[in-house]
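**Student:** For reference, the structure I am asking about is given below.
Here, each number is a calculation from the coordinates, and none is a lab measurement. Bear in mind the structure is a predicted one, so any value in this text is a computation, not a measurement. Please note: Cβ atoms are built from the backbone with ideal geometry, for glycine as well, and neighbour counts cover all protein chains shown.
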Amino acid sequence: MPPTSAHNQFIGECYAPRVSTPTPPVDAPVPEAVSAAPTPEEVLAGEARVGGSPRALAANGVILALSRAARSFLIYEPSNEAIRVFLENLRRTAHDFLEQHGELDLEVRPFELVHGGEVVYLDRDRERSVAFRLYRDGVRRLTLRPGLDWHELLKLLEVMSIRYVGIRQTEDDLVVLLWKAGFAHITFEAVEGFVADDADSEGRGGQAGATAMHVDAPPDFDLPVPVRPQMVRVTWREVPAPALEELLREDETQALPELAVRLCEELLAAVSTAPETIQFADILPHLVETREFLFSEGLLAGSVRLAYAAASATLRDPASDRACAEFLEGFVTAQALHRFLHTVSRDALDAPPELYALLDALPGDHLRSLVEVLGTEQGEASRRITRRLLERYVAKRGDDVLAMLGGAPTALACELLRVLRYTDMDRARRAAMELIERNDLEIQLELLHSLEPMPMSPETGQMLLRLAAAENEEVRHRALGQLGVRKWTGAFAPLVARLKKEAPMRLQDHEAEVLGETLAGVSPEEALVQFREWCKPKGFFGGVLPGIGRLQRAAVAGLVVLRGEEAESLIRAVAERAGSELQAYCTQAMVKRRRMARGGTP
Amino acid sequence: MSDEILQGQEQLAAALNQARAGEDRQLGQRVRELGEQFVRLTNGLVRLCGIHAPENAAFNEPTHQLVSTLLRLDKLIGQVMIVCVEGQVYVNDIRVRMDDRLSGPQALEAELGRHSCGGLSFTRPLDEDQVRALVSCIAAPAASERPLAAMVQALRECGVPEVNPLGRFRLRLTGEQARTASQVELQRTLQRANNVVAEAWGSLSANRMPNPLPIRRLVNEFVDASSNDDMLQREEEEAAATHGNDEFSLHSVRVTTFALLIGRELGLHQAALADLGVAAMYHDSGYAQRDESGFSPPFSDHGLAGARLLARQRGFHQAKIKRMLVAIEHHRDLDRNPCLYARIIRIADDFENYTRLRPSGAFMSPAEAIVRMASAVGTAYDAHLFQLFVNRVGAFPPGTLLRLKDGRVVLSLSGARDAARFSRPLCKVLRNADGTEPADEQVDVATGGVQIAEVLLQKR
């Protein structure tokens, strides 16, 4: 899997030193002068293995595992199996170290980590070095203590991974994240920011005659206070535990989407009712952030609520109207739909009602968005649901779907054909006639699916005939099978002609058999006449016609399914004069016929 | 591969996903770039002072650029604070990443260090003449005595009062005594809080992006400190000692203290307490907004105005959601379904508003406030949250002025220490029965023989 865009952004954001001298791993081969872009594995490897004593080597193993696991989220998609390998490795190495050696205490230096006086990690590559990143973010000592469980280790990894992607500059910093984590078996010594240097001789506490900008609140701020004429005696009373639990549930992470949507509803209502205080432009960035959050969490119901609130807002100027319309369109872009689809169960046969509601309620070219999703979505379940969603647009915009089919790549063309097949057979037929021109196996197989439910018509028959002459054997045989079953007599003459033409040349035995069966299926009466001619050739040169052996083979295959004694006698006739191979085939054909006569399958 | 690993992977992926939704990479990046420009341009101009007089045309272009850089920084983050510490430069807490081998942080730190200066704070952008004066001051030889004070004086004299030189800094590490709940530190924290909040208001008032990080750090210290029983007492003493300080900041700090008290009683975990505290700090931020005539919004609009200001912070973050909701909902009655934090802060805010010492005195004593507020339980106040508050502050909340039966006038300090001492606080004696003032005497009403006669209303 290629490196993710997050990785590129991360690299781009990092301070890029003018001289970068990565420390090669001790056991690494000498790099070539010019090398291709590194693979994810190469990117995740490359840190130096240092440390002499067994304890130092074990410490090095833990740090490398931690570093690689943290960076793996930049290199791979979050769900990639490779990440699990890194996590497993981290758990194992950390557990082993703490069990065998006890506490892992690391002094953090700019490019090194030191444990028990030994350098256990060294990497001078600023982009990769875990030591540099810890040091740069203010960590000066990191200690993992025995008793450390997997959840804590995971939390540490989370903090480090978040720092690796370099985010949240204004809400949390590393120290806040560590503080929040509340570790029990991990201790940090970290820079908490700066404080006035008490040793400063002038002892000004960092502020030398500072004149901070003060803002006075209005003298009547928060007035009037509510009037409470009554007084009620207060006493100490225990608050029941269930009541506390219920209150605490309001603050759980799961409640966040509800709060986020409610806030947006409040803001949008305020934009309508108090435009002098707050305007749409003031809240638009926040609305967009909330929308993205809901998307990333796959919260459809919340998204619908947010969209509804925005659509219901009364905006008083055209600029806000335009901005709101753009905001609403963002709910149904291909990117948004992708995210929603990924949250739907793999077994789901249809989209959740909320998604239909969203599409119904919002403006935008949903057909185009859905087609884009269909063209790029990998998951079968997501594609299935997208097709269901698209089906709704075919009645009104079927011609648009047909138009998109023209330049569509193979996979998308197949998907669109499938959509049409279930909704509009006439357009499906037109689409099939267009697609049959492409000499593409995937499309041909899809066409076979699509032609099957179509009423038999000369057009359908012609398409099947073309497929019966396709390069791919499976396509040919399935097309012939359909022709035989659907008894389109228009196919008889062309198939006979083809048999006669190809029999002396490249026609394989099996192909001849299938063609024979098809002829018998398409028109049993005509087939019997034709087979008679091939089985008992007339005239002096009848028996030495070019390809007569294959023609007879085709005839025998067809005769298996034809009723009447003549069919059997024709097979016997062929068998009497045939070589051993064809003779054996005739014997098999007779067996099949008899089995069928007894009610079995050929 | 175990389920635990798989769950761990999913958990990490979700956490990163959420974090990415909350990032404000652009702002951080722009501040860093501008910070780097500031450092390079200032270093260059200071070096240029060794070659030319500041009026020389060679100064024109870099001076112009530095003015522009400061303007852009001001627009982005408000009052600009540049701090040099141990070879690194921070712009309003955002570390500037730059190559220190060139004209970088170390050079600036060395130049400022000659004046015992560790940074510069800009209360507003400078014009070109002021920039020339500033770099001249930096490049000038340091005074032999009290160099920092001399630099402050020099800047005032040459017309750059907008720049405040800061003393030297050092990096503070976790584990230091600094962030403990010791009494001295708590007192310092409370003192510092007013400045931090005042600066935040100033920045919001200038319609700049909110920067909650300094407030969050402060609140984290509050959270640590509020685990200590002395918090209420210290806060009360500090509030009493800061009459005449910024009333607005003081209000925010006191509301935060009370809100944290309720949050802790409720059992919120540390991170949630911190979010609650930051929300409490910002609950009245709407008053920092100014219209074209320079007026604050009226009471009825301040919540919405606060949400508008807070919405300027970029990046989705649950703490931001909660504090915006608090700004909007903190005066709402229960029938309008305010969120949990807004319900907590409603109690804290009303209590503070009833008892705040205004120029004309408090509206009512804390003891009276609590019983009057009790009449609105179920309509204005969540019954359980209010009871948690009552259980903690007691019948005579800290700050209640009491007359004892023996004639002494005392100030309640402790709140309810437990059920048995719900109405028997620890008090500070303000006046003896004979009218004399004791030096520093406390009396525990819970001990035998001491009885409360009446509640007094504190007046200026």
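**Student:** Pull out the extension gain between residue A:462 and residue A:223, defined as 0.36 nm times the separation in residues minus the alpha carbon to alpha carbon distance; nm, one decimal.
**Tutor:** Working it through step by step, the gained length comes to 77.5 nm.
**Student:** Per residue, how much space in cubic angstrom lies within the convex hull of the C-alpha atoms of region A:487-602? Could you put the intermediate results ahead of the total?
**Tutor:** Working: hull volume 10.8 nm³, N = 116.
Once divided by residue count, the hull of region A:487-602 is 94 Å³.
**Student:** Please report the relative contact order for region B:26-166, taking Cα pairs under 8 Å with a sequence separation of at least 6, and give it as a percent rounded to a whole number.
**Tutor:** Across region B:26-166, relative contact order equals 27 percent.
**Student:** Give me the net charge for the shell around residue B:159: Cβ to Cβ below 15 angstrom, other residues only, Lys and Arg +1, Asp and Glu -1. Before the final figure, lay out the partial values.
**Tutor:** On the way: positive: B:124, B:132, B:156; negative: B:55, B:127, B:128, B:129, B:157, B:162.
Residues near residue B:159 contribute -3 overall.
**Student:** Something else about it: For the pair residue A:508/residue A:281, report the inter-label distance in nm, with labels modelled 7 Å from Cα in the Cβ direction.
**Tutor:** For the pair residue A:508/residue A:281, the computed spacing is 7.1 nm.
**Student:** How much of the pair distance distribution for region B:401-456 lies past 18 Å, counting alpha-carbon pairs only, in percent?
**Tutor:** 23 percent
**Student:** So, R0 is 41 Å and r is the distance between the beta-carbons of residue B:290 and residue A:311; what FRET efficiency does that work out to, to 0.05? Can you show the working numbers first?
**Tutor:** Numbers: r = 33 Å, r/R0 = 0.80.
Here the calculated transfer efficiency is 0.80.
**Student:** Can you pull out the GluC sites (Glu not before Pro) in region A:445-517 whose DSSP state is coil and whose Cβ has at most 12 other Cβ atoms within 10 Å?
**Tutor:** In loop regions of region A:445-517 (DSSP not H, G, I, E or B), the sparsely surrounded GluC sites (Glu not before Pro) are A:471.
**Student:** Taking 7 Å along the Cα-to-C-beta vector as the label spot, tell me the residue A:493-residue A:452 distance in nanometres, rounded to one decimal.
**Tutor:** 3.1 nm
**Student:** Could you work out the pair-distance distribution P(r) of region B:26-166 from its alpha-carbon pairs, with 10 angstrom bin width and percents rounded to whole numbers?
**Tutor:** 13, 47, 36, 4, 0
**Student:** Continuing with the same structure: What FRET efficiency would be calculated for the residue pair residue B:358, residue A:473, taking the C-beta separation as r and a Förster radius of 56 Å, to the nearest 0.05?
**Tutor:** Details: r = 94 Å, r/R0 = 1.68.
So the FRET efficiency works out to roughly 0.05.
**Student:** Another question, if that's okay. Measuring from centroid to centroid over Cα atoms, what is the spacing of region A:369-387 and region A:485-502 in Å?
**Tutor:** 39 Å
**Student:** Once the Cβ-Cβ distance between residue B:440 and residue A:237 is put in as r, and R0 is 35 Å, what FRET efficiency do you end up with, to the nearest 0.05?
**Tutor:** After rounding, the FRET efficiency stands at 0.50.
**Student:** Run the quick spin-label model on residue A:410 and residue A:565: label points 7 Å from Cα toward the beta carbon, then report their separation in nm to one decimal.
**Tutor:** 5.4 nm
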